[in-house]
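Visitor: Below you will find the structure I want to go over with you.
The values are calculated or read from the model by the stated rules, or taken from the named source; none is laboratory data. Bear in mind that the values here come from a model prediction, so they are computed numbers and not experimental data. Neighbour counts run over all protein chains shown; Cβ positions are idealised from the backbone, glycine included.
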Amino acid sequence: MLNQHKILRVLQLISLLKKEPSKSIKFIAGILESTDRTVYRYLDLVKELGFDLQRDSHNRFYIVSNENNETLEFSNEEASLLRELLLSSGSKSNLKDALLRKIYLKSEIVIQGNHLLNAHLGKVVSELSKAITEHKQVVLKKYQSANSNTITDRLVEPISFTDNYTSLCAFEVETAKNKYFNIERITEVEVLQKQNEFEGHHQLDVPDAFGFTALNGLPFDIDIRLNLRAFVLLKQEYPMVVKFVKQEAKTGYYRLKTSINNPKPIVRFVLGLLDDVEIIGSVEFKDYLKKYVVATLENNKSDFEDLVV
């Protein structure tokens, strides 16, 4: 039965082999921090999963790109199972092989931004996943905080990942608060031998599409129409919004309808693309947007006056 460590390594291996040039065993072993023998076992597993694994004249391996019309999108059931597989030791299921075969081909549902393509981020996720399973405290080394504009070590008790593995929900010991930490801002993870002490205070607040929980501000319903340019930019900056966006059949525009816990990210986005978006609702969000613009203009009035002189 595959455990989460092996799953992560197999996903990284698939990602490596699908990118040119072909890879030697020693190169793969170095990236995955595994032995040559282990790499050969992983290669056997990749072949068993149905990938067209080939070897060139220099004994280097690669995966032939998918050339048929096989459906590559994940179903909701597959996406849910993938989260379980990566966070636990996995379970027997007919969906397992389908998930591993499709991963990193063309999914907008699971693991946005190719986070596990990066060997470093894969290692971070792997170590945090192990700590979650073993209920151990960890130190997030040199965490780069955008809120406080600092780089510090954070002692936390990891709880869970967000759906797309962009963030970690963890209880921070120093502040005694449950917080979300961006995976890409974690320089290194140190798993301590110390068991969790504050699990009674752990609380998993599901974040909205912009990464904020109900503790982060005012809840709003939003309904926004976007053209293609706005949708692409929004998807790149906030990949978790994808599942809340539907394309309108008649107009071809994209419609974002969801509830958010903090309006600031989408407000900043909208104001930067006024010609590419249309605010449909809600009334509360429209009112907030108007007040925000008025307050911003008032607070920066002297700067604007200096600018136009």
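Visitor: From Thr187, Thr213, Thr166, Thr175, which residue is among the polar types (S, T, N, Q) and more than 22 Å from the chain's Cα centre (by Cα)?
Guide: Thr175
Visitor: Of all the strands (runs of 3 or more DSSP E) wholly in the stretch 125-237, which have at least 3 residues that are over 23 Å from Leu8 (Cα atoms)?
Guide: Where strands (runs of 3 or more DSSP E) fall fully within the stretch 125-237 and carry at least 3 residues being over 23 Å from Leu8 (Cα atoms), they are 136-145, 150-161, 177-182, 220-226.
Visitor: So which of Asp276, Asp306, Asp208 is surrounded by 15 or more Cβ atoms within 10 Å (Cβ to Cβ), modelled with pLDDT under 85 and either in contact with a helix residue (DSSP H, G or I) (Cβ under 9 Å, 6 or more places away or on another chain) or more than 30 Å from Leu168 (Cα to Cα) (or both)?
Guide: Result: Asp208 is the single residue among Asp276, Asp306, Asp208 that is surrounded by 15 or more Cβ atoms within 10 Å (Cβ to Cβ), modelled with pLDDT under 85 and either in contact with a helix residue (DSSP H, G or I) (Cβ under 9 Å, 6 or more places away or on another chain) or more than 30 Å from Leu168 (Cα to Cα) (or both).
Visitor: Then there is this: Which of the residues that make up the stretch 228-253 are surrounded by 15 or more Cβ atoms within 10 Å (Cβ to Cβ) and more than 22 Å from the chain's Cα centre (by Cα)?
Guide: The one that is surrounded by 15 or more Cβ atoms within 10 Å (Cβ to Cβ) and more than 22 Å from the chain's Cα centre (by Cα): Tyr253.
Visitor: Continuing with this model, one more query. Residue by residue through the stretch 269-295, note down the ones that are aromatic (Phe, Trp, Tyr), touching a residue at least 60 places away in the same chain (Cβ under 8 Å) and closer than 19 Å to Tyr254 by Cα.
Guide: Phe285
Visitor: Within the stretch 226-239, is even one residue free of Cβ contacts under 8 Å to residues at least 12 places away in the same chain and of a type in the set (Gly, Ala, Ser)?
Guide: no
Visitor: Would you tally the residues in the stretch 37-81 being at positive phi and either assigned to a helix (DSSP H, G or I) or at pLDDT 85 or above (or both)?
Guide: 1
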